[in-house]
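Written below as structure tokens is the structure these notes are about.
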Amino acid sequence: MYTYLLVFHIFVCMLLIIAVLLQSGKGSELSAALGGGSGSLFGPGAPANIMNKITSVIAITFMITSLGLAVMSKERSSGSITDRIPQPLQQTAPMAPSDAAPQVPMESK
């Protein structure tokens, strides 16, 4: 089930990218982005066309599949990926006797 949902989610991602790229721009100026263009930012806008509705449906589907994958991956997880890294063999170095004084290098003149 997880694999099928993941494949569907990737398909929805591609559709969402295509739907966003196909939409026409509302204005490329800063004044248009802040509501100073031909339309008002918070005022009555133009009726939503079919492309806006399709993009909204795809975006909602994307969010639902994302949540579904998050819940399913939590149940599916068996631990951290770092647990699967093979540990190197530990080699022990011979120990020096504890009563020997540490060697101090002599200074060169």
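What follows draws every value from the coordinates through simple rules; no lab data is involved. Quick caveat, the model's predicted, so the values are computed rather than measured. Here the Cβ is made from the backbone with ideal geometry for all residues, glycine too, and neighbour counts use every protein chain on show.
Observations, loosely collected:
- Placing pseudo-labels 7 Å out from each Cα toward the beta carbon at residue 62 and residue 13 gives an inter-label distance of 1.1 nm.
- Net lengthening on full extension, residue 107/residue 89 (0.36 nm per residue, minus Cα-Cα): 2.7 nm
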